[in-house]
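Please read the structure below before turning to the comments.
The numbers here are math on the coordinates, done by the rules we state, and not lab data. What you see is a predicted model, and the numbers here were worked out from it, not measured in a lab. In this analysis, Cβ positions are derived from the backbone assuming ideal geometry, glycine residues included, and neighbour counts consider all displayed protein chains.
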2 protein chains.
Amino acid sequence: MNIPQTSYPRVVIIGGGFGGIALAKKLAKQEMQVVLLDKHNYHTFQPLLYQVSTGGLEPDSIAYPIRKILSKYPNFYFRLALVEAIDTAKKKVNTDIGELKYDYLVLATGSRTNFFGNKEIEANSMIMKTVPEALNLRSLILENFEEALLTDSLDEQDALMNFVIVGAGPTGVELAGALAEIKKGILPKDYPDLDTRRAQINIVQSGDTILKGMSDKASIKAEDFLEELGVNVWKNTRVIGYDGDMVTTTTDLTFRTATLIWAAGVHGETVHGLDAKELLVPGNRVKVNQYNQVTGFNDIFAIGDVACMVTPDMPNGHLMVAQVALQQGAHLGDNLLRLIEKKGSMKPFAYHDKGTMATIGRNKAVVDLPRYKFQGFFAWFVWMFVHLFFLIGFRNRAVVFINWVYNYVRFDREARLIIRPYKKPKMKVNTMKQKKA
Amino acid sequence: MNIPQTSYPRVVIIGGGFGGIALAKKLAKQEMQVVLLDKHNYHTFQPLLYQVSTGGLEPDSIAYPIRKILSKYPNFYFRLALVEAIDTAKKKVNTDIGELKYDYLVLATGSRTNFFGNKEIEANSMIMKTVPEALNLRSLILENFEEALLTDSLDEQDALMNFVIVGAGPTGVELAGALAEIKKGILPKDYPDLDTRRAQINIVQSGDTILKGMSDKASIKAEDFLEELGVNVWKNTRVIGYDGDMVTTTTDLTFRTATLIWAAGVHGETVHGLDAKELLVPGNRVKVNQYNQVTGFNDIFAIGDVACMVTPDMPNGHLMVAQVALQQGAHLGDNLLRLIEKKGSMKPFAYHDKGTMATIGRNKAVVDLPRYKFQGFFAWFVWMFVHLFFLIGFRNRAVVFINWVYNYVRFDREARLIIRPYKKPKMKVNTMKQKKA
């Protein structure tokens, strides 16, 4: 890789998510060379991906070019690269565009969807971790309604208008709420020749609570909100199969649907060379000490979702959320400075819980702050404010704000565009057509 | 196709461009059933596609869902369909989602890129007639610079940073200007480790004037603007070959480039069943009389780019521009009403030239109005105002406006995102890598 060798130590960061960017910003103005590698040339604001899937926001307003974030730092280098392996003996990263030596390496690769080994579900379901995936889901949702118009069979129509979301974490809950609002506000106008009242939004959760990890109050209120919006909430039910047509569960419950959205869990996105069994904890995360150092290495660190900092009071590490990644990125920045410039010893990471929140729909959100917990209109307002604040870039904020005001006033979501059609590997409707033939 | 048979006559419109939408709006509130077919579920504001390609606007803000435009009209039906053929004897349209009877048929299919039979250029060049095509070009431009970083060969770098635009109509000129501004304002910041001063923007024109069809004053001034921006303007030169690496022309001029953008011409997008030789004029357009009726049919009409209304003072028909399509759509709406409701005879179409304009860059545009011709800052201001006015939808206007203000104040274009990587069928760089091996 064409990166000049300087007298500064080189820190290679893999991943331009919340953690990687926070770290790079700390280091890039110091006397070190910072190289950030990512397979996308942009940072994705993942918490709003569900709004892209549901036509509420345009994709470009929640993505931000990584080069632009760090363009003012002369010691910062970005490369669009897919990391293939780490050679810890030779202190090298191998990528699809060549290899790169490092003095210090930071894994900030985040997490990927966990199908718990179910290949059938993996092949047939939709996920929403990247912008292209969110756009695929947007296309599929719209294609389903266009297809539903083409059949007289109510069974086929129902399957096309049935949405099954697996997992009632923030992503699943927020998506379910958005779909319910589309059903109510947009479908009757866009598809007057279709009985869209028959559209169903189902959310299936293996445990007995939604938004697990939030307070009981938030969880109960969120469920109320979902039910108010007409979403079917199925608890204590685990989805075990989906052939592209029929969803089976651990109970008698089954669904016929063209669209299963899998939001049931993630696990760490490890990299070959740092994925030895002894380095990992359950959930495929890399075990780190309280300085985010990977076990057995002084020069390799991991932050954010991919890292698991096991402490006596946190046997499972921190939650895999943006706040932890942001704080670990910034904290590691300070620690690396201390380490590299020999300014005292590193300080242990301490997480400052700033609270969690989720929005269910118009005027409906739940917020758990360390001291206050509240729900409803004010929570929804706080949710919007916080998300606008954390978005990168003035233009993105302005565009998101305009969209939100417009959508709110007009009960609308105008980005319902099938820009790149999505073809499911195994379409339910095709199956049915074959059956008919 | 599942469209209810009513007592109203059925008008089938093929194409949701400027002409098709203008017509549908006129007819949908009348006592007739209007069915609009399009292969996209959105209307594209083509004049701004070049800003999508160059990261200045997000794709969703120049696209608008067709269903939404016409959702308030109960007699309006939209189907996402690819029209395969017209059976004029049986008065039927055949599509990929089934067939549909019509009482009246309107061809509003627009135009497609004309490669004048050169298959090699067609296979290797980029075009910009649809949103996905504009996004492909955006990805390729950005990928080129990422790739240029990976090589030490100045020749390879130059080829990756060389842009050749063929055709100096409004599309070519506006794209050249935008690329020149990116070179000046963005590349040095985004790629400090690349000598982006070596990037070249070339525009090649077969005739001896750019913006043919506009006034001499506009043409000369536009050329001055391009040269001010550092664009190389090559006139009296016809591109005759491009193998994905080397561009050859009718003169000694050749270019090595990874990116050839073909904006050298369009021809009518005809449909099988209405493409008999005797129906067409050169340019693959369907000959229509002054009521937009296709020769030999009382019930079939064509409007916009695909139609050629030959009159004694217009032997080549009208220009293939949005204004003609808009006016013909609205005019045909009135004529169809007269014809169907037998309210007098149809009136001949008369084009009201409202002028033409093109923008070259920041504060640089040329405007030809019937009475006034002006260039520079005020022309640029008028250009923006007119384009905002013709955009469909308040949200799109607001988002485009915000982007323009932001880009103007900050000398920036933030949508420089490679959302879906574009892989050229035959990448120059791959060729070189093979040569090296």
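Figures for the structure shown
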read-out	value
Radius 12 Å from Cβ of B:D305, net charge of other residues (Lys, Arg +1; Asp, Glu -1)	+2
Of B:I86, A:F389, B:A276, farthest towards positive along the dipole that unit charges on Lys, Arg, Asp, Glu beta carbons give the protein assembly as shown	A:F389
Set of lysines near A:K347 by C-alpha distance (under 21 Å), chain-local residues within fewer than 8 positions excluded	A:K25, A:K26, A:K29, A:K287
Residue list for the stretch A:126-165, given a label point 7 angstrom along the Cα-to-Cβ vector of B:N2 and an amide N cut-off under 17 Å	A:141-163
Other protein chain Cβ atoms within 10 Å, averaged over every residue that makes up A:395-402	5
Counting DSSP beta bridges with both ends in the stretch A:1-88, the antiparallel % (nearest 5)	25
Per DSSP, loop trypsin sites (Lys or Arg not before Pro) in the stretch B:54-89 with at most 11 further Cβ within 10 Å	B:K72
Inter-chain Cβ neighbour average for residues B:231-239, partner chain, 10 Å	0
Signed unit charges on C-beta, dipole axis of chain B, positive-most listed residue B:A218, B:A398, B:T249	B:A398
Packing-based order for A:276-282, A:302-308, using average beta carbon neighbours within 10 Å, highest first	A:302-308, A:276-282
Percentage relative contact order, the stretch B:164-249, counting C-alpha pairs under 8 Å, at least six apart	32
Amide hydrogen neighbours beyond the local backbone of A:H318, cut-off 5 Å, H modeled	A:M309
For peptides B:219-231, B:48-60, A:289-301, sequence by mean Cβ density within 10 Å, most packed first	B:48-60, B:219-231, A:289-301
For A:T254, inter-copy label distances in nm, listed shortest first [label point 7 Å out on the Cα-Cβ vector]	6.7
Percentage relative contact order, the stretch A:118-187, counting C-alpha pairs under 8 Å, at least six apart	14
Average Cα contact separation per residue, chain B, under 8 Å, 6 or more apart, as relative contact order %	20
Kirkwood hydrodynamic radius of chain A, from inverse mean 1/r over distinct Cα pairs, in Å	23.0
Amide H contacts of B:H43 (H built 1.01 Å from N, under 5 Å, at least 5 apart or other chain)	B:Y64, B:I66
Antiparallel bridges, percent of DSSP beta bridges restricted to chain B (to nearest 5)	50
In degrees, nearest ten, helix B:131-148 long axis to first principal axis of chain B (Cα)	10
Dipole in debye (nearest 20) - the stretch B:315-382, about Cα centre, beta carbon charges: Lys, Arg +1; Asp, Glu -1	100
Proximal aspartates and glutamates relative to A:K90, as straight alpha-carbon distance under 19 Å, when same-chain residues fewer than 8 apart are discounted	A:E99, A:D103, A:D275, A:D299
Residues of type aspartates and glutamates that B:K235 reaches as a straight line, Cα spacing below 20 Å, ignoring anything fewer than 8 places off in the same chain	B:E174, B:D208, B:D216, B:E223, B:D224, B:E227, B:D252
Label 7 Å beyond Cα on the Cβ vector: B:D87 copy-to-copy distances, nm	6.7
